[in-house]
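One structure is given here, and the rest of the page talks about it.
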Amino acid sequence: MNAYIDTVNKIENMKRFGNKSGREVTEKLLPKIGSPDKGMKIFHIAGTNGKGSVAMYIAAALEANGYKTGLFTSPHLITIRERIQVNREYISEDDFTRLAEQVLSVPMDEEYAPTFFDICLAIALLYFKEQNCDYVVLETGLGGRLDSTRGISETPVVGVITSIGFDHTAILGDTLEKIAGEKAGIIRENMPMVFAHNLPSVIRTLESYTNGYYECDEAYDKTVHDSVSAPLIMASMKAQLRDPSMRPPLLGEFQYDNLSAAFAALEFSESHADVDRAMEGIRTVKWPARIQKISDDPLFIVDGSHNPQGVKALSDTLKKAYPGRKFIFLMAAMADKDVKHMIGRTKSIAAMYLCVKADNPRSMDAETLAGMVRDVGAEARAMRSISDALTLAMELHEQDQSLGLVAFGSLYFAGEILENVSGN
């Protein structure tokens with residue numbers, strides 16, 4: 001078997017949750033591979049929604065300003081190498097295989113056995129060190145306080161917490177304030193923090209964890225104006241005020257908040273990034289499965305939203321961009337997600353739901369999902385495969401060409417959709 005494929009299979013078959021938290025594992029593992037994070041200039045990003053977009057904006061802006069920039073994100077859609085990029089180029093198969101073998105060979109007590117995510121993070125940090133990256137952007141996996149990325153010994157140059165919503169409630173807590181407290185776990189002493197737009201109760205929770213923070217929200221700008229020098233914060237505020245020159249490259253009104261947070265983070269990192277060059281870089285950003293339009297005829301949008309807040313953002317965007325239009329929703333969902341709310345957010349603009357089981361052991365059965373849709377009074381069909389769902393969706397569109405197509409409900413499912421339609 002190909003060495004790269006063999007290595008990927010080995011890693012992907014590793015457990016997702018360990019006996020110890022990811023933070024504890026990383027604190028043990030990284031010194032055993034030479035503490036590659038030592039001396040790195042790191043942007044650390046947590047949040048429920050938007051953290052991937054903010055990470056990509058920051059990375060693109062730094063790259064456009066001449067900095068070699070490492071980017072670690074999750075999950076991946078098609079290839080595991082998406083998670084590890086330098087100047088937005090995926091790590092090569094050879095480098096991934098070589099560094100994975102180095103990490104997998106490290107002896108660890110069973111109690112601290114690394115998970116899939118821990119291994120990916122260690123590979124990423126080794127690669128960024130080898131590549132002599134000027135800056136590294138790390139996106140948390142789940143939470144913040146106990147996340148694997150929190151186990152790095154180097155204090156980041158700046159931290160960002162994006163929009164907080166309900167997700168992973170069994171692990172992070174059943175209120176927004178509890179979830180915010182977990183995300184606030186990335187905060188360290190003497191580390192500048194940027195908070196994107198959030199509910200006042202969430203901001204109060206986040207504020208309680210730090211003495212110095214910067215809130216990117218036009219309704220809460222006194223701290224911003226008191227604390228930040230002119231050029232970049234003006235860009236942040238202009239983004240909020242919808243200056244056409246500061247329009248985000250990704251769809252969705254919430255992307256203005258993400259753009260503001262990215263620019264504020266650049267300011268506090270003291271990277272001396274030029275605003276115009278930063279924006280030039282950001283305009284080139286493509287972030288798959290984030291309200292991604294892959295076709296105009298038929299209108300076909302793929303979105304990885306998988307929690308009520310994310311699905312609301314998708315629904316709001318569709319209503320504003322395509323007023324009065326109805327959509328065929330191709331939907332899959334993990335069984336542990338708040339599926340009822342996801343259906344409720346989209347029902348008013350749905351012509352029909354085509355329900356699919358994603359290729360993931362956590363994915364809900366297609367018939368069960370279709371039953372939940374029917375329970376709220378919407379039309380649904382359980383499909384045997386993504387291919388069948390796509391074929392039927394196209395047939396329905398041919399019958400009524402006013403109908404748009406939207407795939408949503410899971411990033412894993414979005415990745416499968418993109419793989420199916422690539423080249424077609």
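In region 327-338, how many are in contact with a helix residue (DSSP H, G or I) (Cβ under 6 Å, 6 or more places away or on another chain) and either open to solvent by 10 Å² or more (accessible area, probe 1.4 Å) or part of a helix (DSSP H, G or I) (or both)? The qualifying residues number 1. Kindly check whether there is at least one residue in region 1-13 that is assigned to a loop (DSSP other than H, G, I, E, B) and in contact (Cβ under 8 Å) with a residue 12 or more places away in the chain. No: region 1-13 contains no residue that is assigned to a loop (DSSP other than H, G, I, E, B) and in contact (Cβ under 8 Å) with a residue 12 or more places away in the chain. Scanning region 188-202 for residues that are more than 19 Å from Phe263 (Cα to Cα) and open to solvent by 10 Å² or more (accessible area, probe 1.4 Å) yields Arg188, Glu189, Asn190, Leu199, Pro200, Ser201.
Looking across region 25-39, the residues that are open to solvent by less than 20 Å² (accessible area, probe 1.4 Å) and more than 14 Å from Leu104 (Cα to Cα) come down to Pro36, Asp37.
Quick check: anything in region 377-387 touching a residue at least 24 places away in the same chain (Cβ under 8 Å), part of a loop (DSSP other than H, G, I, E, B) and touching a helix residue (DSSP H, G or I) at 6+ places or on another chain (Cβ under 6 Å)? Yes, because at least one residue in region 377-387 is touching a residue at least 24 places away in the same chain (Cβ under 8 Å), part of a loop (DSSP other than H, G, I, E, B) and touching a helix residue (DSSP H, G or I) at 6+ places or on another chain (Cβ under 6 Å).
Gly22 satisfies every condition listed in (1) more than 15 Å from the chain's Cα centre (by Cα); (2) surrounded by fewer than 21 Cβ atoms within 10 Å (Cβ to Cβ) except (2). Taking the stated definitions as given, is Ile343 out of contact with any His (no Cβ under 8 Å at 6 or more places or on another chain), aliphatic (A, V, I, L, M), surrounded by fewer than 23 Cβ atoms within 10 Å (Cβ to Cβ) and over 30 Å from Asn13 (Cβ atoms)? Criteria not met by Ile343. Sort out which residues of region 391-413 are within 19 Å of Lys286 (Cβ to Cβ) and either open to solvent by 80 Å² or more (accessible area, probe 1.4 Å) or in contact with a Ser or Thr (Cβ under 9 Å, 6 or more places away or on another chain) (or both), and write them in order of number. Hits for region 391-413 are Val406, Phe408, Leu411.
The residues of region 254-296 that are of a type in the set (A, V, I, L, M), under 19 Å from His44 (Cα atoms) and touching a strand residue (DSSP E or B) at 6+ places or on another chain (Cβ under 7 Å), listed by number, are Ala261, Ala264, Ala265. Restricting attention to region 346-363, the residues that are at pLDDT 90 or above, open to solvent by less than 50 Å² (accessible area, probe 1.4 Å) and either touching a Pro at 6+ places or on another chain (Cβ under 8 Å) or outside any helix (DSSP H, G or I) (or both) total 9.
Of everything in region 310-321 that is modelled with pLDDT of 90 or more and open to solvent by less than 50 Å² (accessible area, probe 1.4 Å), the residue that is farthest from the chain's Cα centre (by Cα) is Leu318. Scan Ser74, Ser92, Ser35 and give me the residue that is small (Gly, Ala, Ser) and modelled with pLDDT under 95. The unique qualifying residue is Ser74. When restricted to residues that are closer than 23 Å to Glu270 by Cβ, of a type in the set (Gly, Ala, Ser) and open to solvent by 10 Å² or more (accessible area, probe 1.4 Å), region 53-105 contains 2. Residues in region 290-309 that are small (Gly, Ala, Ser), surrounded by 23 or more Cβ atoms within 10 Å (Cβ to Cβ) and out of contact with any Ser or Thr (no Cβ under 8 Å at 6 or more places or on another chain): Ser305 alone. Check region 139-154 and report whether any residue there is open to solvent by less than 10 Å² (accessible area, probe 1.4 Å) and in a strand (DSSP E or B). Yes: one or more hits.
The values are calculated or read from the model by the stated rules, or taken from the named source; none is laboratory data. In this text the structure is predicted, and so the values were computed from the model without any measurement. Counting neighbours? That spans all protein chains shown, and the Cβs are built from the backbone with ideal geometry, glycine included. The accessibility values were calculated without ligands, DNA or RNA, using every heavy atom of the protein model including side chains. Shrake-Rupley method; radii C 1.70, N 1.55, O 1.52, S 1.80 Å.
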